[in-house]
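Undergrad: Following this message is one structure expressed as structure tokens.
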Amino acid sequence: MHHNKPVSSEEQVKAIADTAPIMVLMLDKDSGAVYANTAWLRFTGRTIEQETSEQWFKGIHQADLDLCLQTLKKAAFQQSSFKISFRLKNGNHNYHWVVCNGATRLNATGEFDGFVCWCQDIDNVMLANHQESEQQAIVSGQNEDILSKELLSANEELLTTNEELATTNKALHLTQLKLANLNDELEEKVRLRTTALEESEHEQQTLNEELVATNEELAATNEELATTNEELLSSQRRLEKLLEELKESEHRTRSLIESAPLPIAVYKGREMKIVLANQSIIDIWGKGNDVFSHTYHSLLPELGNQAIYDQLDEVYTTGKAFHARNQRVDIVVDNVLQPFYFNYSFVPIFDTKGEIYGIMNTGAEVTDLVRAKQQVEQSEKNLQNIILQAPVAMCILMGPKHTVMVANDMMIEFWGKESAAILDKPLFEVLPEAREQGLEQIMADVFHRGETFEAVEMPVSLYRGSQNGVIYQNVVYEPYCDNTGKVIGIIAITTDATEQVLARQKLEQSLDEVQKLQRQKDDFIGIASHELKTPLTSLSALIQVLTVKLRDTTDPFVNGALAKANIQIRKMTNLINGFLNISRLESGKIHIEKQHFRLNQLLHEMAEEIQITTHSHTIHVHDHEPVDVFADKDKVGSVLTNLLSNAVKYSPKGKSISVSYVKKDHYVEVSIHDEGMGITEQDLDKLFDRYYRVESSYTKNISGFGIGLYLSAEIIKQHGGRIWVQSKSGEGSTFYFTLPLN
Ligand code: ADP
């Protein structure tokens, strides 16, 4: 600032703004940018021409843009200041959160002309690690100093102008006195002349002449008066100009302080009388707007025991500025003592003689930032506690080297190391054996791509103590992000699945063994049946011959014995054929040999054959139209034998059994109904399994191997038909099967 070269208040703000640590953007009434400071341009990576000619607000995040524009429009309409946060794109095309304080901007005539926006990149502050934030605090302190200096020199100018004004006033006063004297003289002269005129008419002539002379004198005096008047006028004009300049300068200083988003106040004298304070600091004090009747001490008595009075007094005594960073200050707001955090400065103010007469107080409230930082630290602590207490093995690995930040006991035990040997070390340095097993690549992917990795029963070999063994892990590697979503580490969760895997392997092994035994049993049945078949065939032939030879015998025992022997041989033959079929089925050697035959005829034959040996039950065949099929007659016959003998086996004596059939479009459906014990629901679907038998007190004494229904089902399936059963326990059963027609 320079005295004889007046600078417009706007240029002055710009000059200050360019050195400010804060981003500043000046907007016109229509939200167009007219100016952006260096900090702003450094952030957006754009030029001042771009900001002012292109729409600057295109840099605002799409999601925040509408609200921002609405806020700007509303504030312009109401000509009021505003505060808003939004994400702003920086030169690297990243979005940062920015807090923007908009103060109204007036032109020289005091009309609304737009806004000065003071914007703060809060992302940086939030993210900066401790060291960085210290540095930033120092930089912002320096910039606050610059602002303070500007304010001080504005003050100096004000003082000089005041002095000039006083001199001009003095000159004005003198001129006025002179003018009054002249007037008095003139009046006196006029009075004297008039008296003389009255005294002597004789002297009228003389007097007249004298009057002329006096008149001339009067004219001269009048001229002098006019000159004096002119002098007076120009003096007045100068005074007006000075007054205007003074007003302008004061306006500049005030508006600078008012529009600054930083709290500013000026205290005068050792008693610290509040002479200047902007709304921002008034709000912080929280004591209402009437602060100018107070001293600092009377307004803020609660600071008495917080060292602040001493700091102020020290500055006033030594003339040396005082700066505090992230300082906790407890202030009574709404009648409650509450903690706040500030960066603040006390800067001495000197008059033109170089004597201290006051202190300027600037500051920035950083409560939110300090709180946010505390919160981040707290939530990190919480996470660590959760991990330490988790009932599964957990750890956090930080950075691209996966440094172990925290790991709970289960995890440390799992790794088989001492915790001191692991904490704060890169994972693969302490567990080199995990490196070769692909874990390094997996973790690098989680860290760099931010994708979760999950694996079940992943085999890993680790040195546990001294021995090296394979273990199985269920693992989840989850990206660990900071509050901007950037991956800064990995949260690893591991459960040991070794026991389950070993148990399952054992189970699989025993299942294998069971299957092997089953196969051996099948093989044995196959071989045994084959070996039994030959003697049974000759036995059967011998009995046939014997029956023919003894046809005419009258011995009732021989007759009966032969008939019984025949029945037993047929039963045994059926059984052995069943076993043989089973082993043929298993080895895939069962052959279906189809021929054309009349199905209803076969039903009759089989029913009769069973009836011959059964006297306890009656078998009815319900005859309808003839049905011809193309199928393996022997095998379909054995299905019928099975179903009919089961019907006899599983129903009490004296009951009847009925055989029926229905011809449908493309198939025939055969049913065998009995009035026997029936089948419970849970047995129904297992009935056709190999070796399945219902276990109950009733069936206990009925012999069987559980292969009849299994074989029957296989035979029907090979024909492309279906077999099923409808039954209720205690109410008899109906077995159905279908065969395709031709
Ligand atoms: P099994 O040689 O035991 O008769 P099957 O395979 O022919 O073998 O029959 C399997 C099981 O189905 C039998 O043990 C029996 O419990 C049940 N079962 C078969 N037919 C009937 C039926 N008509 N009534 C009640 N239960 C039956």
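The values are calculated or read from the model by the stated rules, or taken from the named source; none is laboratory data. These numbers come from a predicted model, not from an experiment. Cβ coordinates were reconstructed from backbone atoms using ideal geometry, including for glycine residues, and neighbour counts include every protein chain displayed. All accessible areas refer to the heavy atoms of the entire protein, side chains included, with ligands and DNA or RNA removed. Shrake-Rupley method; radii C 1.70, N 1.55, O 1.52, S 1.80 Å.
Rundown of residues vs (1) modelled with pLDDT under 70; (2) within 18 Å of E187 (Cβ to Cβ); (3) basic (K, R); (4) not in a helix (DSSP H, G or I), yes/no style:
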site	(1), (2), (3), (4)
E209	no, no, no, no
T214	yes, yes, no, no
T221	yes, yes, no, no
R238	no, no, yes, no
L242	no, no, no, no
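Undergrad: List the number of the failed condition for G578; all other conditions in (1) crowded, with 17+ Cβ neighbours inside 10 Å; (2) in the same structural domain as K653 (by TED's automatic domain parsing) hold.
TA: (2)
Undergrad: Look through the stretch 522-543, keep the residues that are among the polar types (S, T, N, Q) and open to solvent by less than 90 Å² (accessible area, probe 1.4 Å), and return whichever of them is nearest to the chain's Cα centre (by Cα).
TA: Initially, the stretch 522-543 is screened for residues among the polar types (S, T, N, Q), giving 529, 534, 537-538, 540.
Now narrow it down to the ones that are open to solvent by less than 90 Å² (accessible area, probe 1.4 Å): 529, 537-538, 540.
On the way: S529: 71, T537: 82, S538: 85, S540: 85 Å.
The qualifying residue nearest to the chain's Cα centre (by Cα) is S529.
Undergrad: Something else now. Out of the residues in the stretch 392-426 that are touching a Ser or Thr at 6+ places or on another chain (Cβ under 7 Å) and either free of Cβ contacts under 8 Å to residues at least 12 places away in the same chain or aromatic (F, W, Y) (or both), which is surrounded by the fewest Cβ atoms within 10 Å (Cβ to Cβ)?
TA: I412
Undergrad: Just give me the residues in the stretch 681-735 being charged (D, E, K, R) and either part of a helix (DSSP H, G or I) or in contact (Cβ under 8 Å) with a residue 24 or more places away in the chain (or both), in sequence order. Don't jump to the end; show me each part of the working.
TA: So the first thing to find is which residues in the stretch 681-735 are charged (D, E, K, R), and the list is 681, 683, 685-686, 689-690, 693, 695, 700, 714, 717, 722, 728, 731.
Once the filter is applied, which keeps residues that are charged (D, E, K, R) and either part of a helix (DSSP H, G or I) or in contact (Cβ under 8 Å) with a residue 24 or more places away in the chain (or both), the stretch 681-735 yields E681, D683, R690, K700, E714, K717, K728, E731.
Undergrad: Out of I582, I610, I619, I576, which single residue is more than 60 Å from the chain's Cα centre (by Cα) and at pLDDT 95 or above? Before you say what the answer is, go through the steps one by one.
TA: On the way: I582 fails: at pLDDT 95 or above; I610 fails: at pLDDT 95 or above; I576 fails: at pLDDT 95 or above.
Going through I582, I610, I619, I576 in turn, the sole match is I619.
Undergrad: Kindly indicate whether R270 is within 22 Å of Y357 (Cβ to Cβ), at pLDDT below 85 and of a type in the set (D, E, K, R). First the steps, then the outcome.
TA: On the way: within 22 Å of Y357 (Cβ to Cβ): yes; at pLDDT below 85: no; of a type in the set (D, E, K, R): yes.
Considered against the rule, which asks whether it is within 22 Å of Y357 (Cβ to Cβ), at pLDDT below 85 and of a type in the set (D, E, K, R), R270 comes out as no.
Undergrad: Is there a residue in the stretch 28-47 that is more than 30 Å from K241 (Cα to Cα), out of contact with any Phe, Trp or Tyr (no Cβ under 7 Å at 6 or more places or on another chain), surrounded by fewer than 16 Cβ atoms within 10 Å (Cβ to Cβ) and at pLDDT below 85?
TA: Yes.
Undergrad: Out of all the residues in the stretch 654-697, which are on the phi > 0 side of the Ramachandran plot, within 12 Å of the ligand (Cβ to nearest atom) and open to solvent by 40 Å² or more (accessible area, probe 1.4 Å)? If you could, list the steps in order and put the result at the bottom.
TA: At the first step, the residues of the stretch 654-697 found to be on the phi > 0 side of the Ramachandran plot are 654, 678, 691.
Next cut, within 12 Å of the ligand (Cβ to nearest atom) only: 678, 691.
Residue satisfying the conditions is Y691 alone.
Undergrad: Look at N701 and say whether it is open to solvent by 20 Å² or more (accessible area, probe 1.4 Å) and either over 29 Å from N566 (Cα atoms) or within 11 Å of the ligand (Cβ to nearest atom) (or both).
TA: Numbers: open to solvent by 20 Å² or more (accessible area, probe 1.4 Å): yes; either over 29 Å from N566 (Cα atoms) or within 11 Å of the ligand (Cβ to nearest atom) (or both): no.
So N701 does not fit the description; no.
Undergrad: Identify, from the list L431, L369, L439, the residue that is crowded, with 17+ Cβ neighbours inside 10 Å, over 27 Å from the mean Cα position of the chain (by Cα), modelled with pLDDT under 90 and not polar (S, T, N, Q). Show your work before the answer.
TA: Details: L369 fails: over 27 Å from the mean Cα position of the chain (by Cα); L439 fails: over 27 Å from the mean Cα position of the chain (by Cα).
Answer to the check: L431.
Undergrad: Okay, moving on. Please go through the stretch 462-481 and pick out each residue that is open to solvent by 40 Å² or more (accessible area, probe 1.4 Å), at pLDDT below 85 and out of contact with any Ser or Thr (no Cβ under 7 Å at 6 or more places or on another chain).
TA: Answer for the stretch 462-481, where residues must be open to solvent by 40 Å² or more (accessible area, probe 1.4 Å), at pLDDT below 85 and out of contact with any Ser or Thr (no Cβ under 7 Å at 6 or more places or on another chain): Y463, R464, G465, S466, Q467.
Undergrad: Next question. Scan the stretch 635-645 for residues that are open to solvent by 30 Å² or more (accessible area, probe 1.4 Å) and within 12 Å of the ligand (Cβ to nearest atom) and jot them down. Write out each step before concluding.
TA: Initially, the stretch 635-645 is screened for residues open to solvent by 30 Å² or more (accessible area, probe 1.4 Å), giving 635, 638, 642, 645.
S638, N642, S645, listed by residue number.
Undergrad: Mind checking which residues of the stretch 606-634 are assigned to a helix (DSSP H, G or I) and open to solvent by 40 Å² or more (accessible area, probe 1.4 Å)?
TA: Let us first name the residues in the stretch 606-634 that are assigned to a helix (DSSP H, G or I), namely 606-613, 633-634.
E608, E609, Q611, I612, T613, K633, D634, listed by residue number.
Undergrad: Just to be sure before I move on: is K506 open to solvent by 70 Å² or more (accessible area, probe 1.4 Å), modelled with pLDDT of 90 or more, under 27 Å from P391 (Cβ atoms) and in a helix (DSSP H, G or I) in the structure I sent?
TA: When the stated conditions are applied, K506 passes them.
Undergrad: Right, next: Does the stretch 274-293 hold any residues that are under 22 Å from I356 (Cα atoms) and surrounded by fewer than 17 Cβ atoms within 10 Å (Cβ to Cβ), and which are they?
TA: Selection gives V275, F292, S293.
Undergrad: Then there's this: Over 24 Å from E586 (Cβ atoms), within 11 Å of the ligand (Cβ to nearest atom), open to solvent by 70 Å² or more (accessible area, probe 1.4 Å) and assigned by TED's automatic domain parsing to the domain that holds E608: is that true of S729 in this structure?
TA: Numbers: over 24 Å from E586 (Cβ atoms): yes; within 11 Å of the ligand (Cβ to nearest atom): yes; open to solvent by 70 Å² or more (accessible area, probe 1.4 Å): yes; assigned by TED's automatic domain parsing to the domain that holds E608: yes.
It is true that S729 is over 24 Å from E586 (Cβ atoms), within 11 Å of the ligand (Cβ to nearest atom), open to solvent by 70 Å² or more (accessible area, probe 1.4 Å) and assigned by TED's automatic domain parsing to the domain that holds E608.
Undergrad: Okay, next question. Only one of (1) within 11 Å of the ligand (Cβ to nearest atom); (2) open to solvent by 50 Å² or more (accessible area, probe 1.4 Å); (3) among the aromatic types (F, W, Y) is not met by F735, so which one is it?
TA: Going through the list (1) within 11 Å of the ligand (Cβ to nearest atom); (2) open to solvent by 50 Å² or more (accessible area, probe 1.4 Å); (3) among the aromatic types (F, W, Y), F735 breaks only (2).
Undergrad: How about the stretch 712-725: which of its residues are surrounded by 14 or more Cβ atoms within 10 Å (Cβ to Cβ) and either more than 8 Å from the ligand (Cβ to nearest atom) or among the β-branched types (V, I, T) (or both)?
TA: A713, E714, I715, I716, Q718, H719, G721, R722, I723, W724, V725, listed by residue number.
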